[in-house]
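Only the coordinates and a few stated rules stand behind these numbers; no lab work does. The structure displayed is predicted, hence computed values, not measured ones. Here the Cβ positions follow ideal geometry from the backbone for every residue, glycine too, while neighbour counts run over all protein chains shown.
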Amino acid sequence: MKTYKLTGYVLGNYWGGGQGAYPCERLENNDRKKLMQEARSLLKSGGLDSGMGFDGLIGAIVDIEIIDTIEKDGRKYKNSEYETKFIGKLTPKQKTFLEDCRFNY
């Protein structure tokens, strides 16, 4: 069985001007396509932001944990792999900023 967990950072416009990043909502789904659809929908609605309250979201860097679980002899074993994606319309400079945020927070 596969499970998908999404974490990351959103880039948004501050109310007084300028831009900044903040952690995004943590999402989980057993269907990767639905997980990404939910993330894109929340980005568009502003709900992917986990509490900063931006004036509008621009995009996000998301880390997807792909968890594969098997059961053998009554015990569960999990293997995780990770991939990173960008969503929204981001410039190369904004993508670099979000990548830096992941490693500096």
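Taking N as the number of residues in the chain, what is its alpha-carbon radius of gyration divided by 2.2 N^0.38 Å?
Rg over 2.2 N^0.38 Å, computed on Cα atoms: 1.19.
Structure shown: which of K5/K44; K2/K76; K5/K85; K33/K76; K34/K76 lie over 22 Å apart, alpha-carbon to alpha-carbon?
Violating the 22 Å Cα-Cα cut-off are K33/K76; K34/K76.
From the phi of every residue in the range 64-81, what ³J(HN,Hα) in whole Hz does the Karplus formula 6.51 cos²θ - 1.76 cosθ + 1.60 yield, where θ is phi - 60° and glycine or proline is x?
Residue by residue, the range 64-81 yields 10, 8, 9, 9, 9, 10, 10, 10, 9, 6, x, 10, 9, 10, 10, 10, 10, 10 Hz.
Of the candidates E28, E83, E38, which one comes out as most mobile in a Gaussian network treatment of the chain with C-alpha springs shorter than 10 Å?
E83
Below 8 Å between Cα atoms, with a sequence gap of 6+, how large is the relative contact order for the chain in percent?
After rounding, I find 31 percent.
For a quick check, take a GNM of the chain with Cα springs below 10 Å and name the residue from I61, I70, I87 with the largest mean-square fluctuation.
Highest fluctuation of the listed residues: I70.
Tell me the net charge near E65. Cut-off is 14 Å between Cβ atoms, E65 excluded, with +1 for each Lys or Arg and -1 for each Asp or Glu.
+2
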